[in-house]
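Below is one structure, written out as structure tokens; comments come after it.
The values are calculated or read from the model by the stated rules, or taken from the named source; none is laboratory data. A quick note: this is a predicted structure, and the numbers were derived from the prediction, not measured. Here Cβ is always computed from backbone atoms with ideal geometry, including for glycine, and neighbour counts include all displayed protein chains.
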Protein chains: 2
Amino acid sequence: MSTPYFERVAIFGVGLIGGSLALELRAAQICTTIVGYDSNAENLAQAVELGIVDDAATAPEDAVRGASLVILATPPATIFDVATSLAPYLEEGAIVTDVGSVKTPIVEPLTRALAPKVRFVGGHPVAGTEKSGAAAAMRDLFRGRKCILTPVTTTDPDALQAVRAIWSRIGAHVVVLSPTVHDTVCAAISHLPHVTAYALTAAIADAAEKMPEIYGLGAGGFNDTTRIASSSPQMWRDIFLLNRDAVLDAVERMESRLAELRQLIDRADSAGLEKFFAGMRDVRQRVLKGQSS
Amino acid sequence: MSTPYFERVAIFGVGLIGGSLALELRAAQICTTIVGYDSNAENLAQAVELGIVDDAATAPEDAVRGASLVILATPPATIFDVATSLAPYLEEGAIVTDVGSVKTPIVEPLTRALAPKVRFVGGHPVAGTEKSGAAAAMRDLFRGRKCILTPVTTTDPDALQAVRAIWSRIGAHVVVLSPTVHDTVCAAISHLPHVTAYALTAAIADAAEKMPEIYGLGAGGFNDTTRIASSSPQMWRDIFLLNRDAVLDAVERMESRLAELRQLIDRADSAGLEKFFAGMRDVRQRVLKGQSS
């Protein structure tokens with residue numbers, strides 16, 4: 001599969017994901033020039049300073065002029081509006097793709113809104129850290145990680161093939177899912193862990209109010225289970241609301257399993273607890289690697 | 001504070017914690033000989049092979065003969081029985097300490113059962129990984145970590161001082177709490193994260209039953225929030241039951257915060273979600289470091 005070449009690439013939102021992608025596109029020699037735009041001028045200036053983008057556009061429409069590839073890496077709640085406001089300025093035949101972590105509200109509507117002039121392909125690299133901003137951008141963020149592409153019936157096959165080739169070239173494993181399946185999968189493996197980490201941190205904060213001895217005693221288990229509660233509050237608020245139904249289903253599953261576990265502990269049901277915990281290691285292995293340990 | 005010296009140290013349970021402690025005691029030159037005992041003969045043989053202990057005792061009473069320091073690092077549910085069955089064989093004036101993660105059911109009863117012949121000091125190094133067994137033992141597991149000592153009114157002050165000196169010498173920060181406060185603190189910062197990780201993994205397994213596309217797509221957030229669900233099922237079953245009341249309180253707090261978050265998402269309460277998430281990063285910092293970021 002040959003990787004396409006782009007004279008000029010525009011990236012909207014030069015944060016952790018957009019910035020890291022820019023670093024990879026340059027390293028893979030997929031393009032000549034990368035122009036960035038970011039509503040946060042300070043972040044954009046930093047992206048130029050760090051050599052993440054070649055040029056900073058002062059207006060969104062300047063960024064896309066002449067760009068044959070446009071990457072939307074702004075917060076997911078803004079992607080549809082950013083893209084439709086750019087529509088008049090996009091180059092004929094350009095490929096537009098995104099990295100948003102919710103796909104149903106974006107892919108079908110945006111594909112329709114931009115066609116036939118411009119070809120949209122929905123994408124979501126399953127990678128990230130709790131950090132954000134251009135300063136957090138890094139090489140190899142996507143290497144060995146999955147990137148989910150979410151075509152719909154009206155997706156242009158050549159554009160899909162080009163976006164797939166780009167992600168493969170920078171080391172990601174491409175998986176193709178429908179937007180609906182994507183959103184259900186991500187509700188379970190990503191959005192639910194975030195809801196849980198926020199609730200857990202809040203519950204521990206409640207306990208610490210009554211018992212300040214807690215402060216300073218958190219160790220590895222606390223650190224790992226709550227790490228993602230340090231993620232951007234605005235971004236996660238938006239993701240939970242954009243994917244509301246699937247997230248609510250996932251949270252209900254979690255509430256039911258937590259109540260079951262509380263009841264087993266309450267009844268001191270030793271055998272029941274062992275049965276509950278059995279196979280957990282294997283489930284984790286399968287969710288992480290796709291196969292049993 | 002001068003560190004005491006022990007001719008012969010006996011360690012019961014040469015797993016992750018007992019084995020790592022043996023490595024540190026030797027490196028710090030706190031003792032001449034370390035003898036290990038483990039009910040798992042294979043694990044004990046491995047501990048000898050890896051040079052973690054000098055000798056393997058074939059019977060528990062052989063391990064403690066001549067030992068002026070006895071460390072109980074068996075699973076918490078067994079510590080009281082192991083110690084009381086050893087009582088007739090312990091050396092007069094020996095110090096006995098443990099590393100169990102629940103203290104109320106151990107410290108007061110064991111201090112009373114062993115006195116006046118032997119001096120018991122309850123301890124709990126707040127460190128560990130999801131791994132277990134002698135093969136998982138490592139240097140520096142306790143360095144920079146907290147070790148909680150839990151004296152009661154009948155604890156011998158010299159023995160407490162000696163145990164404190166040992167932990168300080170191998171790089172741990174000693175914190176003194178009563179057994180009850182210890183168990184409430186650990187219910188919140190350690191036992192609740194474990195309950196949560198188990199429930200979360202189970203909820204994701206439920207989702208994967210209906211949607212096998214989930215397998216193989218777990219990334220960093222999933223990995224970190226569920227890592228400790230790979231911990232020993234038997235040990236955690238026992239910890240939850242040994243510390244049942246405090247764990248149930250903590251789980252109820254978690255259920256209430258999770259329900260609150262579900263309701264905010266259900267009502268699409270954007271401002272409420274932001275308010276819920278605000279300050280999470282700071283709470284994490286305080287729980288980990290004892291101070292605000």
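Regarding A:S231, is this residue more than 7 Å from chain B (Cβ to nearest Cβ) and either out of contact with any Leu (no Cβ under 9 Å at 6 or more places or on another chain) or not charged (D, E, K, R) (or both)?
Values: more than 7 Å from chain B (Cβ to nearest Cβ): yes; either out of contact with any Leu (no Cβ under 9 Å at 6 or more places or on another chain) or not charged (D, E, K, R) (or both): yes.
It is true that A:S231 is more than 7 Å from chain B (Cβ to nearest Cβ) and either out of contact with any Leu (no Cβ under 9 Å at 6 or more places or on another chain) or not charged (D, E, K, R) (or both).
Here's the yes/no breakdown for (1) aliphatic (A, V, I, L, M); (2) in contact with a Leu (Cβ under 6 Å, 6 or more places away or on another chain); (3) buried (at least 23 other Cβ atoms within 10 Å of the Cβ):
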| site | (1), (2), (3) |
| --- | --- |
| B:F12 | no, yes, yes |
| B:L16 | yes, no, yes |
| B:L23 | yes, no, no |
| B:A41 | yes, no, no |
| B:T84 | no, no, no |
| B:P88 | no, no, no |
| B:D98 | no, yes, yes |
| B:V102 | yes, yes, yes |
| B:P105 | no, yes, no |
(message) With the structure loaded, tell me whether B:R284 is at pLDDT 95 or above, at the interface with chain A (Cβ under 7 Å from one of its Cβ atoms) and within 25 Å of the chain's Cα centre (by Cα) or whether it fails that test.
(response) yes
(request) Could you list all residues from the stretch B:12-51 that are within 17 Å of the chain's Cα centre (by Cα), of a type in the set (G, A, S) and part of a helix (DSSP H, G or I)? (result) B:G18, B:G19, B:S20, B:A22
(message) I need the full set of residues from the stretch A:140-156 which are surrounded by fewer than 18 Cβ atoms within 10 Å (Cβ to Cβ) and of a type in the set (D, E), in order please.
(response) A:D140
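Where residues in the stretch B:162-182 are within 11 Å of chain A (Cβ to nearest Cβ) and either modelled with pLDDT under 95 or assigned to a helix (DSSP H, G or I) (or both), which of them is farthest from A:A219 (Cα to Cα)?
To start, the set of residues in the stretch B:162-182 that are within 11 Å of chain A (Cβ to nearest Cβ) comprises B:173, B:175-178, B:180-182.
Subset that is either modelled with pLDDT under 95 or assigned to a helix (DSSP H, G or I) (or both): B:180-182.
Details: B:T180: 19, B:V181: 17, B:H182: 14 Å.
Filtering first and then ranking leaves B:T180.
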(request) State the number of residues belonging to the stretch B:109-152 that are part of a strand (DSSP E or B) and of a type in the set (G, A, S). (result) 1
(message) Just the residues that are acidic (D, E) and under 16 Å from B:F222 (Cβ atoms), please, taken from the stretch A:270-293.
(response) A:D282
(message) Would you confirm whether or not the stretch A:81-88 contains a residue that is in the same structural domain as A:Q161 (by TED's automatic domain parsing) and either at pLDDT below 95 or under 15 Å from A:V9 (Cβ atoms) (or both)?
(response) yes
(request) Working carefully through the options A:R65, A:R8, A:R26, find the one that is at pLDDT 95 or above, of a type outside the set (S, T, N, Q) and in contact with a Ser or Thr (Cβ under 6 Å, 6 or more places away or on another chain). (result) A:R8
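Under the condition of being among the small types (G, A, S) and more than 7 Å from chain B (Cβ to nearest Cβ), which residue from the stretch A:236-258 is surrounded by the most Cβ atoms within 10 Å (Cβ to Cβ)? If you could, list the steps in order and put the result at the bottom.
Here is the first cut: in the stretch A:236-258, the ones among the small types (G, A, S) are A:246, A:250, A:256.
Narrowing further to those that are more than 7 Å from chain B (Cβ to nearest Cβ): A:246, A:256.
Working: A:A246: 23, A:S256: 14.
In this case the residue turns out to be A:A246.
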(message) Can you tell me which condition A:R145 does not meet? The list is (1) within 14 Å of the chain's Cα centre (by Cα); (2) at pLDDT 95 or above, and all the others hold.
(response) (2)
(request) Exactly one condition in (1) among the small types (G, A, S); (2) without any contact (Cβ under 8 Å) to a residue 40 or more places away in the chain; (3) surrounded by fewer than 24 Cβ atoms within 10 Å (Cβ to Cβ); (4) facing chain B (nearest Cβ under 7 Å) is not met by A:A199; state its number. (result) (3)
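Mind checking which residues of the stretch A:218-235 are part of a loop (DSSP other than H, G, I, E, B), surrounded by fewer than 24 Cβ atoms within 10 Å (Cβ to Cβ) and more than 18 Å from the chain's Cα centre (by Cα)? Steps first, please.
Taking the stretch A:218-235 as the starting set, the residues that turn out to be part of a loop (DSSP other than H, G, I, E, B) are A:218-219, A:231-232.
Checking the rest, the ones that are also surrounded by fewer than 24 Cβ atoms within 10 Å (Cβ to Cβ) come to A:219, A:231-232.
Within the stretch A:218-235, just A:A219 meets the criteria.
Considering each of B:D224, B:D269 in turn, give the residue that is more than 7 Å from chain A (Cβ to nearest Cβ) and acidic (D, E).
B:D269
Answer with yes or no whether A:E91 is assigned to a helix (DSSP H, G or I) and of a type outside the set (A, V, I, L, M).
Values: assigned to a helix (DSSP H, G or I): no; of a type outside the set (A, V, I, L, M): yes.
Against the criterion (assigned to a helix (DSSP H, G or I) and of a type outside the set (A, V, I, L, M)), A:E91 does not qualify.
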(message) Among the listed residues B:A67, B:A47, B:A77, identify the single one that is assigned by TED's automatic domain parsing to the domain that holds B:A22, within 15 Å of B:L25 (Cβ to Cβ), in contact with a helix residue (DSSP H, G or I) (Cβ under 8 Å, 6 or more places away or on another chain) and of a type outside the set (S, T, N, Q).
(response) B:A47
